[in-house]
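Just so it is clear, none of the values below were taken in a lab; they were calculated from the coordinates. From a predicted model like this one, the values you see are computed outputs, not experimental measurements. All Cβ positions, even for glycine, are placed from backbone atoms using ideal geometry, and neighbour counts span all protein chains on display.
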There are 2 protein chains.
Amino acid sequence: MHQTQRQQTADLLKARGLDRALFAHAHSVTWLTGFVAPVQTGTNLFSGGPPLVWYDGGQFTLIVQDVHAADAAAFAPPDCALLSYRSYTTERPITSAENLADVLRSVVKLSGASAGKVGMERQWLTAFLHDALREALSDQVEIVPIDGWLAPLRAIKTDDELALLRRNFALCDIGQAAARQATRPGVREIDVWVAAESAINQAAGYRVPLGNDCVVGYRSPNNVGGWPLDYELHPGDSLIVDISAFPGGYWSDGCATYYAGEPTLRQQALHRVVREALEYGISLVRPGIVARDLDRRIREFIEQAGYPAHTHHTGHGVGVSGHEAPRIVPYSDDVLQAGMVIMLEPGIYFPGETGVRLEDGLLITSDGVEVLTRHDKGW
Amino acid sequence: MHQTQRQQTADLLKARGLDRALFAHAHSVTWLTGFVAPVQTGTNLFSGGPPLVWYDGGQFTLIVQDVHAADAAAFAPPDCALLSYRSYTTERPITSAENLADVLRSVVKLSGASAGKVGMERQWLTAFLHDALREALSDQVEIVPIDGWLAPLRAIKTDDELALLRRNFALCDIGQAAARQATRPGVREIDVWVAAESAINQAAGYRVPLGNDCVVGYRSPNNVGGWPLDYELHPGDSLIVDISAFPGGYWSDGCATYYAGEPTLRQQALHRVVREALEYGISLVRPGIVARDLDRRIREFIEQAGYPAHTHHTGHGVGVSGHEAPRIVPYSDDVLQAGMVIMLEPGIYFPGETGVRLEDGLLITSDGVEVLTRHDKGW
């Protein structure tokens, strides 16, 4: 798995004069290897840090804590080796950070780098591990920051990634259907969310990390986003349900707006405009369109209908990160290309009163788009 | 909030000759300030890193990304200032890591440290931020690693922390009751877990991060722990449900074992021994007992009943981390003290067949214990 990603990375590093590199961002590790450490409970208490990938002249090495070694082995084909370090033990104090540093020192020393440049994701590697790396390298070696270098490569999806994304979008759709069914007067935001989360976990057969928002329209000052709380839905309340699911290393996303009982005439008008704005946006997406033009035209569509457009991004790429290149925002010169997967999410918000947002996931094809989300965006 | 913790920390740093320090571990930040950044979805995509706490001669400064500033303000009383940095924006590329580094450089420069020592949690601070800090300090300043220094302080809970822990243990109990009710032939591990998670989230009124295990006895080679999967329960199967909940910065924990239908006579015998081992352990806990003695006596109790004792820890402290000092393990010389909150969790496992574990949370009082978990530990 992920040999295409590794080959692209090797080519990129070579083109920029780097024979060696250390990847420390969780998203880089997943993209390069397919391995994903559990999130959901925060810092891994027994690990020395997140997983790392060391690159040395065509050979990648994934470094994980021992308890993840069996899972990680599935992701370590010939061009990617696997090393692990001792973490949890009851026999002595846990020194997993030191153990990880030892493994890193060993593998770097083996490379025998005595000069030249070594790339490093310095915004994510800890100072402690940076020292270990520095110690293992000759003083003649220059360290080059490579944070963000993989982002443009990640934007174009492989067939394997598309297969994962399709499955993940289907999970989001399942959550949306459950949320729609659960929305009615008398329930709370958290109740709707629990319905969606339960449906997703039961369909997947395991615990799926989830974002994003579940907010009733009368929230103020912010009814755009936020995690569900115990706000109760009254008749005529709108509820924005924006679910992203992260099963197996790749995110998906999607947003719909539901109503407790019948939407008011005003809500129906807002909903219609947002839906038309989304459909209009989808009709514009094809290879060659510039992100900021797409952004501007969707905002203008809403404004021309007489409403204030959303102030958040109009869309974003999705992959090993929930928000990645290309960003569909006012400043972006990114040119959309076939193989990108992007979200579009126009909205209209009147904080304290009501809000509407609808979001679809799109695969950009050679001549247009394929819509990957299939949830009902009616009211 | 958390002024006691900050005062203790200031005293500790002073005693060790440090006037300044940077705390970079999420657990340190929560313990020092009460502020907790959301977990559950992994890396915060728009942040420059986790929150930081800078200490300078009696004054603490919490540094968070802008979208958390309102939440963090509640945790910044007079002896703790609050700074934030710009993260998400649609107007230009996101440079939150650089923005955080700028804020860190400014606050460190303000301290005017021209000599002496500065403490740093180097196992968690990134190399990128370490550079920013180093740049802001005179070359005469020595950086001293302080990873783990707060652990002994954290082990003794304040009254405010105990109030939080009590509430959190009650949430775990709610989850256990729901899991017990959901366990029956024909359901899967994930279904039982969903029932527990739903009950906890609905009781809390918000999304509560949860660990730990939900594993049927016939799992092999590991039926001790793991997240729920789609293994189906058949009549007579045992199911270990170990739930830790993390609402508002402090963990809680607890484990029970349920059966699909009636437990077999052998399971009843195992269950009885584990329950007696737990009760025996609780009877031993008081200020002054050494962790390894407690560990040994509980293991011996199980072995004397003719069964293999658990190979995992017998227990652990719980607080801003789900596993913290004191560890109840064979090597530990830690002396239990009043004000500590520990878990005890004896178990017996026959992988591929069945397993039993029961766990209680205990507040060590001046003359014994108060049991903080109240879930049913019968079969």
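The 3J(HN,Hα) values that the Karplus relation (6.51, -1.76, 1.60; θ = phi - 60°) gives for the range B:229-234 are, in residue order, 10, 9, 4, 8, 8, 10 Hz. Gly and Pro appear as x.
The H on the amide N of A:V118, modeled in the peptide plane, is under 5 Å from the matching H of A:E142, A:I143, A:V144, each at least 5 residues off or on a different chain.
Tally the DSSP beta bridges in the range A:3-153 and give the antiparallel ones as a percent, rounded to 5. Can you show the working numbers first?
Details: 9 of 22 bridges.
Within the range A:3-153, antiparallel bridges account for around 40 percent of the total.
Around the amide H of B:S87, modelled in the peptide plane, lie the amide H atoms of B:D66, B:V67, all under 5 Å away and 5 or more residues distant in sequence or on another chain.
The charge dipole of chain A, taken about its Cα centre with unit charges on the Cβ atoms of Lys, Arg (+1), Asp and Glu (-1) only, comes to about 180 debye.
On C-alpha positions alone, give me the angle between the axis of helix A:3-15 and the longest principal axis of chain A, in degrees, nearest 10. With both axes taken from Cα atoms, the answer is about 70 degrees.
Out of all DSSP beta bridges in chain B, what portion is antiparallel? Express it as a percent rounded to 5. Intermediate values should be presented prior to the final figure.
Values: 42 of 55 bridges.
Close to 75 percent.
Relative contact order for the range A:36-176: 16 percent, from Cα pairs under 8 Å spaced at least 6 residues apart, divided by residue count.
Under 17 Å from a point 7 Å along the Cα-to-Cβ line of B:A81: which residues of the range B:1-32 have their amide N that close? Counting only backbone N, you get B:19-23. When the charge dipole of the range B:73-122 is built from unit charges on Cβ atoms (+1 for Lys and Arg, -1 for Asp and Glu) and taken about the Cα centre, the candidate among B:T89, B:V107, B:P78 whose Cα reaches farthest toward its positive end is B:V107.
To the nearest 20 debye, what charge dipole does the range A:270-379 have about its Cα centre, counting +1 at the Cβ of each Lys and Arg and -1 at the Cβ of each Asp and Glu?
Working: 11 positive and 16 negative charges, 22 e Å.
That gives the range A:270-379 a dipole magnitude of about 100 debye.
Stretched out straight at 0.36 nm per residue, the stretch from A:A115 to A:D367 would grow longer than its current Cα-Cα span by 86.0 nm.
Helix-only mean residue ellipticity at 222 nm, the protein assembly as shown, DSSP H runs n ≥ 4 weighted -39,500 (n - 2.57), per residue, nearest 500. What is it? Provide the component values of the computation, followed by the final result.
On the way: 20 runs with 262 residues, N = 758.
Mean residue ellipticity at 222 nm (helix-derived): -11000 deg cm²/dmol.
Quick check on the protein assembly as shown: of the DSSP beta bridges with both residues there, what percent are antiparallel, nearest 5%?
Working: 86 of 112 bridges.
If we restrict to bridges inside the protein assembly as shown, about 75 percent are antiparallel.
Mean sequence separation of contacting Cα pairs (under 8 Å, at least six apart), scaled by the length of the range B:156-371, corresponds to a relative contact order of 22 percent.
Please report the net charge: other residues with Cβ closer than 9 Å to the Cβ of A:T354, K and R +1, D and E -1. Let's see the in-between values first.
Numbers: positive: A:R266; negative: A:D237, A:E353.
Net charge in that neighbourhood comes out at -1.
Rounded, prolate or oblate: pick one for chain B, where a ≥ b ≥ c are the square roots of the eigenvalues of its C-alpha gyration tensor, a/c under 1.5 means rounded, and failing that, prolate if a/b is larger than b/c, else oblate. In terms of gyration-tensor shape, prolate.
Can you tell me how the range B:35-105 classifies by the Cα gyration tensor, rounded, prolate or oblate, using a/c under 1.5 as the rounded cut? Note, shape of the range B:35-105 comes out prolate.
Along the range A:205-213 the Karplus relation, 6.51 cos²θ - 1.76 cosθ + 1.60 evaluated at θ = phi - 60°, assigns HN-Hα couplings of x, 7, 7, 9, x, 10, x, 9, 9 Hz to successive residues, with x for each Gly and Pro.
Taking amide H atoms as placed 1.01 Å from N in the peptide plane, the amide H of B:G368 has no partner under 5 Å among residues 5 or more positions away or on other chains. Between the Cα long axis of helix A:159-182 and the first principal axis of chain A there is an angle of about 40°, rounded to the nearest 10.
Considering just Cα atoms, how many Å³ per residue does the convex hull of the protein assembly as shown enclose? Write out the running numbers ahead of the final one.
On the way: hull volume 116.1 nm³, N = 758.
Taking the convex hull of the Cα positions in the protein assembly as shown, it is 153 Å³ per residue.
Could you work out the relative contact order of chain A? I mean the mean sequence separation of Cα pairs under 8 Å and 6+ apart, divided by the number of residues, in percent. About 14 percent, as a whole number.
Between identical copies, the spacing of B:G306 label points, each set 7 Å from Cα toward the C-beta atom, reads 8.4 nm from nearest to farthest.
Given a Förster distance of 60 angstrom, what is the FRET efficiency for A:A70 paired with A:Y331, based on the Cβ-Cβ distance and rounded to 0.05?
After rounding, the FRET efficiency stands at 0.85.
On the basis of the beta-carbon distance and an R0 of 30 Å, A:K14 and B:V39 show a calculated FRET efficiency of 0.20. Each label was represented as a point 7 Å from its Cα along the Cα-to-Cβ direction; for A:Q304 and B:Y206 these points are 4.3 nm apart. Beyond 29 Å, what percent of the Cα pairs of the range B:3-153 remain? Percent of Cα pairs beyond 29 Å in the range B:3-153: 11. Rounded to the nearest Hz, the phi-derived 3J(HN,Hα) couplings of the range A:40-52 under the Karplus curve 6.51 cos²θ - 1.76 cosθ + 1.60 (θ = phi - 60°) are 6, 10, x, 3, 6, 5, 10, 8, x, x, x, x, 10, where x marks glycine and proline. Ranked from shortest, the separations from the 7 Å Cα-to-Cβ label point of A:A269 to its equivalents in the other copies are 7.7 nm.
Going by a ≥ b ≥ c, the root eigenvalues of the Cα gyration tensor, does the range A:156-371 fall in the rounded group (a/c under 1.5), the prolate group (a/b larger than b/c) or the oblate group?
Details: a/c = 2.16, a/b = 1.19, b/c = 1.81.
The shape class here is oblate.
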